[in-house]
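Peer 1: Got a structure here, written out as structure tokens. Questions coming.
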Amino acid sequence: YCALEMMINYLEQRPHFMGLIISRVVGGITTNLLFSVFETWLVTEHRRRGFAEEQLETILRDSVIVSNLAAIASGYIAHVLAAKFGPVGPFEGAVTCT
């Protein structure tokens, strides 16, 4: 996953249109994997261990809230990086964080 994300950010910085198209397709696949694999594992483990379904609802609700807060913070950081390093700043920051 991390290698694919780094490849995506590398391709998005290059002035080749086909690289941009490939990076967007692979980005959609990795984003889908990131969310669906974790949630599937969480639900499976929660039920396998016999925890109450109400707890699962709480966990999923809280994960959505934290995810939204992380998206807001990421957007702010991307804005700061773009202001300091230009249009490639957010992509370089993503490679650094990955």
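Peer 1: Go through the residues of the range 73-86 one by one and say whether even a single one is out of contact with any strand residue (DSSP E or B) (no Cβ under 6 Å at 6 or more places or on another chain) and not in a helix (DSSP H, G or I).
Peer 2: Checked against the condition, which is being out of contact with any strand residue (DSSP E or B) (no Cβ under 6 Å at 6 or more places or on another chain) and not in a helix (DSSP H, G or I), the range 73-86 yields at least one hit.
Peer 1: Return the total of residues in the range 45-72 being out of contact with any helix residue (DSSP H, G or I) (no Cβ under 9 Å at 6 or more places or on another chain) and either assigned to a helix (DSSP H, G or I) or under 30 Å from residue 13 (Cβ atoms) (or both).
Peer 2: 15
Peer 1: Those residues that are small (Gly, Ala, Ser) and at pLDDT 90 or above, I need them from the range 28-64; list them, please.
Peer 2: Hits for the range 28-64 are 28, 50, 52, 63.
Peer 1: Just to check your reading of the model, which residue among 23, 36, 74, 67 is of a type in the set (Ser, Thr, Tyr), without any contact (Cβ under 8 Å) to a residue 24 or more places away in the chain and touching a Leu at 6+ places or on another chain (Cβ under 9 Å)?
Peer 2: 23
Peer 1: Does residue 54 satisfy the condition of being exposed (fewer than 11 other Cβ atoms within 10 Å of the Cβ) and acidic (Asp, Glu)?
Peer 2: Taking the combined requirement at face value, the residue satisfies it.
Peer 1: Of the residues that sit in the range 1-40 and are small (Gly, Ala, Ser) and over 23 Å from residue 59 (Cα atoms), which one is surrounded by the most Cβ atoms within 10 Å (Cβ to Cβ)?
Peer 2: 23
Peer 1: Under the condition of being more than 19 Å from residue 35 (Cβ to Cβ) and in a loop (DSSP other than H, G, I, E, B), which residue from the range 1-22 is modelled with the highest pLDDT?
Peer 2: That would be 16.
The values are calculated or read from the model by the stated rules, or taken from the named source; none is laboratory data. Everything quoted here is computed from the prediction, not taken from an experiment. Note that each Cβ is placed from the backbone with ideal geometry, even for glycine, and that neighbours are counted across all protein chains shown.
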